[in-house]
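Visitor: For reference, the structure I am asking about is given below.
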Amino acid sequence: MDIFSLFTLCGGLAFFLYGMTTMSKSLEKMAGGRLERLLKRMTSNPMKGLLLGAGITIAIQSSSAVTVMLVGLVNSGVMELGQTIGVIMGSNVGTTLTAWILSLTGIESESILLNMLKPENFSPLFALAGILLIMASKRQRRRDVGRILIGFAILMYGMELMKQSVSPLAEMPGFAELLTAFNNPLLGVLVGAVFTGVIQSSAASVGILQALALTGSITYGMAIPIIMGQNIGTCVTALISSIGVSRGAKRVSVIHVAFNVIGASVGLIVFCGGNLLLHFPFMNAAVGAVGIALCHTVFNVCTTALLLPFSRQLERLARTAVRETDKAQQFAFLDPLLLRTPGAAVSECAALTCRMGELAQKSLLASLGQLTQYSGELETQLLENEDKLDLYEDRLSGYLVQISQHGLSMEDIHTVSRLLHAVGDFERIGDHALNIQESARELHEKGLSFSGAAAAELGVLQTALEDILRISVDSFREDDPVAARRVEPLEETIDQLTAEIRDRHIRRLQSGECTIQLGFILSDLLTDLERVSDHCSNIAVCVIEEREDHAEQRHAYLHDFKAAGEFAESLDRDLKAYRLP
């Protein structure tokens, strides 16, 4: 083996890591926010979390990405620490699939069918199919599939380069002497941990070990401790991701490290102790790529089976290692770590925007209640809600802009656009709630009250406004365009009600039934209520645009919708339902 073989080994490792990253990122992009939603819904107990963690890791081929996602979700206050334990264990099991795929490189047969199972034989076809999909397809999803295929082909090409670069080692006497040092299990664990920590990919380190195994110089006694060390080395990514995050998120990294260190320690004790007592006959036998994949799988499955019943103890260990402080918890917001998994970040932005909409709805309803029964405590709550809504708008808008700069699926791109529009509308609804609160305070401080007729008219208008707000927020939360279609006729109804109330007020002024001072307050109220309905209309149209692809055609869509018979029927029904006394 000369210096050029070393260059080839480095190039093969580079191709392997690039292919793995490309394939993993494309799989994450296709999955979008579905992975994050599954994580939140299916982690009620460790066993469900285990199966889910294994499934997600198999789907995106990256246990590191799953761990980073968990750290970000816990740091954002979306998931509890206990929900992550099963997922962490499952991700270790799911990552073993890569080793089995790489083990196919060791197939030797004259059969064409068996040879076609070797990745280096069929991966060129994957590369061709992938590049055709990227160049010829206009659909983003198909292009993402193409990137997955190309990533896999590059990964396998890197594996082949590494295999070719290390094949001359089998004939070097010095290499055989060097390997005798790895008969020390502790050294094997250390080498596996350090190498995996440096390249931050257990899949790559297992692949290199499999490539070395194809020389016939690696024994089971050497390989098993290295595999145990590789599990410890993969914790480096989790440790890096825990820098600068909340204490709850740091505990996720502690659990990940504790799981792998305890598993490797117990495995090493059992392995070495068992060999001393039983003298395992396979210790000096040469291990192949399949044997390494088998050892990797058995070790991870046994470690998971051993520690899964002690999930609560692992959680206590993490809480003991990272203790709470006396400082109050800050308002939880999205963590920058989630940007590494854009689909999960988009899904969390959607959840937070829904929370923002519910807060805006709550504020508006509370401000309307102030008109009839004023409360100083409620005023304080409304002011706090307004500060929260401003914070939501500031953080979410900036975060969504950051997400837009990452690779997103077309579905996520539409969702980001919908969220950016809705965030502004929800914030403005909060502003109008504050305006209504100020009008209510003016009525209270000056001892004023509307006439019976005006109060009855405002009651009808408030009922219509509460309904349109409820429908808008619900349709946004459920992403339901059918429900969103009910908003526009109701918005038109509110416009007509507002115009009629203004006309009646003018007549009462002329007859002396109302005062100028109350007229100013009523005018401000009607303006705020009408504008709230306009924002509700904007929110509903955003939902319809995303689902029915009316993007950038809002005015044309509204014109066509209002010209349709469905709109006229709904408007007529609403005008009858919300008739002024």
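The values are calculated or read from the model by the stated rules, or taken from the named source; none is laboratory data. Predicted model, so just to flag it, every value in this text is computed and none were measured. All Cβ positions, glycine included, derive from the backbone under ideal geometry; neighbour counts span all protein chains shown. Ligands, DNA and RNA are stripped out before the accessible areas are found, and what is left, the full protein with its side chains, is counted by its heavy atoms. Shrake-Rupley method; radii C 1.70, N 1.55, O 1.52, S 1.80 Å.
Visitor: Just name the residue that is surrounded by the fewest Cβ atoms within 10 Å (Cβ to Cβ) out of those in the range 281-301 that are over 18 Å from Ser217 (Cα atoms) and in contact (Cβ under 8 Å) with a residue 60 or more places away in the chain.
Guide: In this case the residue turns out to be Val301.
Visitor: Scan the range 472-482 residue by residue and report those that are open to solvent by 10 Å² or more (accessible area, probe 1.4 Å), in a helix (DSSP H, G or I) and in contact (Cβ under 8 Å) with a residue 60 or more places away in the chain.
Guide: Arg477, Pro481
Visitor: Now for a different question. Can you name the residue in the range 1-55 that is among the hydroxyl-bearing types (Ser, Thr, Tyr) and modelled with pLDDT of 80 or more and is also surrounded by the fewest Cβ atoms within 10 Å (Cβ to Cβ) among such residues?
Guide: Tyr18
Visitor: In this structure, is Leu276 in contact with a Leu (Cβ under 9 Å, 6 or more places away or on another chain), surrounded by fewer than 15 Cβ atoms within 10 Å (Cβ to Cβ) and part of a helix (DSSP H, G or I)?
Guide: no
Visitor: While we're on this one: Inspect all residues belonging to the range 517-540 and state whether any of them is over 15 Å from Ile429 (Cα atoms), open to solvent by 10 Å² or more (accessible area, probe 1.4 Å) and touching a residue at least 40 places away in the same chain (Cβ under 8 Å).
Guide: The answer is yes; a qualifying residue exists.
Visitor: For the range 146-167, enumerate the residues that are open to solvent by 20 Å² or more (accessible area, probe 1.4 Å) and among the hydroxyl-bearing types (Ser, Thr, Tyr).
Guide: Answer for the range 146-167, where residues must be open to solvent by 20 Å² or more (accessible area, probe 1.4 Å) and among the hydroxyl-bearing types (Ser, Thr, Tyr): Tyr157, Ser167.
Visitor: From the residues in the range 499-546 that are hydroxyl-bearing (Ser, Thr, Tyr) and modelled with pLDDT under 85, which one is nearest to Ser363 (Cα to Cα)?
Guide: Thr515
Visitor: Based on this model, can you work out whether Asp572 counts as modelled with pLDDT of 90 or more and of a type in the set (Asp, Glu)?
Guide: no
Visitor: Let me ask another. Just to verify a result, which residue in the range 345-360, among those that are out of contact with any Gly (no Cβ under 6 Å at 6 or more places or on another chain) and farther than 28 Å from Arg531 by Cα, is surrounded by the fewest Cβ atoms within 10 Å (Cβ to Cβ)?
Guide: Taking the candidates together, the pick is Glu348.
Visitor: Output the residue which, of all residues in the range 196-207 that are surrounded by fewer than 22 Cβ atoms within 10 Å (Cβ to Cβ) and modelled with pLDDT under 80, is nearest to the chain's Cα centre (by Cα).
Guide: Selected residue: Gln200.
Visitor: List every residue pair whose Cβ atoms sit under 7 Å apart, with the two residues 6 or more apart in sequence or on different chains, where the first one lies in the range 210-227 and is free of Cβ contacts under 8 Å to residues at least 60 places away in the same chain and the second, anywhere, is of a type in the set (Ser, Thr, Tyr).
Guide: That search, which allows pairs on different chains as well, returns Thr215/Ser167.
Visitor: Kindly indicate whether any position in the range 221-234 is out of contact with any helix residue (DSSP H, G or I) (no Cβ under 7 Å at 6 or more places or on another chain) and either within 23 Å of Thr57 (Cα to Cα) or part of a helix (DSSP H, G or I) (or both).
Guide: no
Visitor: Report, ordered by the first and then the second residue, all pairs with beta carbons closer than 7 Å, sequence separation of six or more or different chains, a first member in the range 436-454 that is surrounded by fewer than 17 Cβ atoms within 10 Å (Cβ to Cβ), and a second member that is among the hydrophobic types (A, V, I, L, M, F, W, C) and in a loop (DSSP other than H, G, I, E, B).
Guide: Correct list of pairs: Ser451/Cys514.
Yes/no matrix, rows are residues, columns are (1) open to solvent by 50 Å² or more (accessible area, probe 1.4 Å); (2) more than 17 Å from the chain's Cα centre (by Cα); (3) within 16 Å of Gln462 (Cβ to Cβ):
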residue	(1), (2), (3)
Lys362	yes, yes, yes
Leu389	no, yes, no
Tyr392	no, yes, no
Leu396	no, no, no
Val401	yes, no, no
Gln405	yes, no, no
His414	yes, no, no
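Visitor: Hey, another quick one. So which pairs qualify, if the first residue must be in the range 3-22 and under 16 Å from Thr98 (Cα atoms), the second must be open to solvent by 50 Å² or more (accessible area, probe 1.4 Å), the Cβ gap must be under 7 Å, and the two must be at least 6 apart or on different chains?
Guide: So the pair list comes out as Phe15/Tyr157; Thr22/Arg147.
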